[in-house]
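Here is the structure we will look at.
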Amino acid sequence: MSYKTVRHLSSPLRNSVLHYAISPARQTHAQILVNDYLTDVTLQTDLLLAYSRSGVLQDARKVFDRMCDKNMHSWNIMLFSYVQNFLYSDAISVFHKFLKLGFRPDHYTLPQLFKASVGGGDCYLGWVLHGWVIRLGLEGYVIVGTAVLDFYVKYGQLVDAKRVFSGMPLKDSGVWNLMISAYGKAGFCAEAYSLFGSMVMERVKVDAMTIPSILNACGGGGDLMKGKEIHGQVLKNVLFDGDVAIGNSLIDMYAKCGCLGNSEKVFSRMPNWNVVTWTAMISSYGIHGKGGKSLDLFRKMKDCGLKPNPVTLTAVLASCSHSGLIDQGRTIFYSILPDCGLEPSIEHYACMVDILGRCGHIEEALGLVQNMKLAATASVWGALLAGCVMHKNVKIGEIAAHHLFEMEPRNSSNYIALFHIYESHCIWDGIIRIRTRMRELGLVKTPGCSWITIAGTICKFYQGDNSHTQTNLICDTLDHMIKVMALPCDFQEH
């Protein structure tokens, strides 16, 4: 077959790839079959790419399987297609065949396989792939290093993630953002700030993805001053000022730092809102105990024609829980399927159980758990147990606690919760059993902790710990504040 013929048939295939059009690809495929040109590797690869990009993976796989001479490009196309369509087990199966034929992964193959490892929950595969990266000397490719880093971050292996990050010879802003985000989500706010400072010092471009990551760390650490500093930088940058993702992060940060008014200002001044924006503001009202405002905003969002997503529904249900709005919570929960076309998720069940538990409807909450379509997780049983502690329900508290003992045998808080239920009813044999069980497992009660950032230094306060140098002054001031708050409003003003 001449080069001119191949080019004539290849051109419509490549055009169909650019325009995601399947009909021209099928017509060209028919011409190739009629003229018996299917043995040409270029045409086979173009066909494979055309079907893959159009999402017709069954036809793509047929073309792929019939290829006598598969090159690296064709293997990478097939792997990429499966991963992009969340068919992780298929991608891993293709990779095993790839290895058996003596091929070795390259810098295009490995990033897709790391995604398959994370998406398919195959941690062992990720470790094997990291071994391949080192063996083949591919650490210098930013795309490969980012994939390795993302793998360790997604599995919560921050020590390994930091080691990979430090060893990367080249880092773009995406790599820095990933590491900052990982620290922020894990609660290591000081490390996130430090990394952000290093990023600025090394003159790495701070982009629209960096700002939400560092704002999330500020919110998680309750560092209002740092958050305001970042907000100031946003206002000075024209490219950042109207960014929706940054606006959403500012709403969340201010709410977590206790400044609900600032969240409202950011929300009202944003030029564009998306579902995440509405969800962030609904959640902000919820964590401040303003369930009524959350519900008003939820209704307004739907009136604007926006469909709530699962996270929005979790936020509004949590708001109902914090404000004790049981009837409104029931209405929303039982309308998830008919109104939103979504099946209630584990998070929605956990919120509804929490609402019922807080309001003392313990039996109804247990019935909801027992009739769930999904298998109840620790978060659901934990919500039920919390309600039992609040209302001193021994019978259902024992049911919830024993489920949690099986799911989380080393979580001391579950044992402590049941201990408090027994203690409230003076059930001494139950108290002894809990103490004995905890002693056998080597569990200790984790003390409560609060913290505040003063002049850039994080001061932590643990329950029962009087080691702070100004403990007496702090306690005296707190006692005075409580006494003032207990006074009638007229006296508080004076």
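Can you pull out every residue in the stretch 253-267 that is open to solvent by 40 Å² or more (accessible area, probe 1.4 Å) and modelled with pLDDT of 95 or more?
262, 264, 265
Here are some conditions: (1) free of Cβ contacts under 8 Å to residues at least 40 places away in the same chain; (2) in contact with a Gly (Cβ under 8 Å, 6 or more places away or on another chain). Residue 190 meets all but one. Which one does it not meet?
(1)
Which of (1) open to solvent by 90 Å² or more (accessible area, probe 1.4 Å); (2) at pLDDT 75 or above is the odd one out, the single condition residue 443 does not satisfy?
With (1) open to solvent by 90 Å² or more (accessible area, probe 1.4 Å); (2) at pLDDT 75 or above applied to residue 443, the lone miss is (1).
In the stretch 172-212, which residues are over 24 Å from residue 235 (Cβ atoms), among the small types (Gly, Ala, Ser) and in a loop (DSSP other than H, G, I, E, B)?
Scanning the stretch 172-212 gives a single hit, 187.
Got a sec? Which of 336, 355, 332 is closer than 23 Å to residue 287 by Cα, β-branched (Val, Ile, Thr), touching a Lys or Arg at 6+ places or on another chain (Cβ under 9 Å) and open to solvent by less than 20 Å² (accessible area, probe 1.4 Å)?
Criteria check complete, one pass: 355.
Can residue 143 be described as touching a helix residue (DSSP H, G or I) at 6+ places or on another chain (Cβ under 7 Å) and β-branched (Val, Ile, Thr)? Even if it seems obvious, please write down each step before you answer.
Numbers: touching a helix residue (DSSP H, G or I) at 6+ places or on another chain (Cβ under 7 Å): yes; β-branched (Val, Ile, Thr): yes.
Criteria met by residue 143.
Taking the condition at pLDDT 90 or above, hydrophobic (A, V, I, L, M, F, W, C), over 17 Å from the mean Cα position of the chain (by Cα) and crowded, with 18+ Cβ neighbours inside 10 Å, does residue 151 pass?
Values: at pLDDT 90 or above: yes; hydrophobic (A, V, I, L, M, F, W, C): yes; over 17 Å from the mean Cα position of the chain (by Cα): no; crowded, with 18+ Cβ neighbours inside 10 Å: yes.
No, not satisfied.
Among (1) at pLDDT below 95; (2) open to solvent by less than 50 Å² (accessible area, probe 1.4 Å), where does residue 303 come up short?
All conditions are met except number (2).
Residues of the stretch 159-174 being open to solvent by 30 Å² or more (accessible area, probe 1.4 Å) and among the hydrophobic types (A, V, I, L, M, F, W, C), which ones?
Result: 159, 170.
Could you figure out which of (1) open to solvent by 50 Å² or more (accessible area, probe 1.4 Å); (2) under 25 Å from residue 77 (Cα atoms) isn't true of residue 110?
(1)
Checking residue 92 against (1) aliphatic (A, V, I, L, M); (2) surrounded by fewer than 16 Cβ atoms within 10 Å (Cβ to Cβ); (3) modelled with pLDDT of 90 or more, only one condition comes out false. Which one?
Only one criterion in (1) aliphatic (A, V, I, L, M); (2) surrounded by fewer than 16 Cβ atoms within 10 Å (Cβ to Cβ); (3) modelled with pLDDT of 90 or more is unmet by residue 92, namely (2).
Mind counting the residues in the stretch 198-236 that are among the polar types (S, T, N, Q), open to solvent by 20 Å² or more (accessible area, probe 1.4 Å) and touching a helix residue (DSSP H, G or I) at 6+ places or on another chain (Cβ under 6 Å)?
Summing the residues that are among the polar types (S, T, N, Q), open to solvent by 20 Å² or more (accessible area, probe 1.4 Å) and touching a helix residue (DSSP H, G or I) at 6+ places or on another chain (Cβ under 6 Å) in the stretch 198-236 gives 1.
Scan the stretch 278-290 residue by residue and report those that are in a helix (DSSP H, G or I) and surrounded by fewer than 22 Cβ atoms within 10 Å (Cβ to Cβ).
Hit for the stretch 278-290 is 287, nothing else.
Taking only pairs six or more apart or across chains, which ones have beta-carbon atoms under 6 Å, a first residue in the stretch 216-244 that is over 30 Å from residue 459 (Cα atoms), and a second residue that is open to solvent by less than 40 Å² (accessible area, probe 1.4 Å)?
240/234; 240/246; 243/208
Testing residue 397 on (1) farther than 30 Å from residue 466 by Cα; (2) outside any helix (DSSP H, G or I); (3) over 28 Å from the mean Cα position of the chain (by Cα), one condition comes back false. Which one is that?
Here residue 397 clears every test but (2).
Which of the residues that make up the stretch 62-89 are in contact with a Leu (Cβ under 9 Å, 6 or more places away or on another chain) and either open to solvent by 40 Å² or more (accessible area, probe 1.4 Å) or closer than 13 Å to residue 51 by Cα (or both)?
The answer is 63, 64, 66, 70, 73, 74, 77, 78, 81, 82, 85, 87.
Looking at the stretch 175-190, which of the residues that are modelled with pLDDT under 90 and open to solvent by 20 Å² or more (accessible area, probe 1.4 Å) is nearest to residue 240 (Cα to Cα)?
By that ranking, first place goes to 185.
So, of the residues in the stretch 113-141 that are in contact with a Pro (Cβ under 9 Å, 6 or more places away or on another chain) and either without any contact (Cβ under 8 Å) to a residue 24 or more places away in the chain or among the aliphatic types (A, V, I, L, M) (or both), which turns out to be surrounded by the fewest Cβ atoms within 10 Å (Cβ to Cβ)?
Only one residue tops the list, namely 136.
The values are calculated or read from the model by the stated rules, or taken from the named source; none is laboratory data. Values in this document were obtained by computation on a predicted structure and should not be read as measured data. Every residue, glycine as well, gets a Cβ built from its backbone with ideal geometry; the counts of neighbours run over all protein chains shown. Accessible surface is based on the protein model in full, side chains and every heavy atom, while ligands, DNA and RNA are left aside. Shrake-Rupley method; radii C 1.70, N 1.55, O 1.52, S 1.80 Å.
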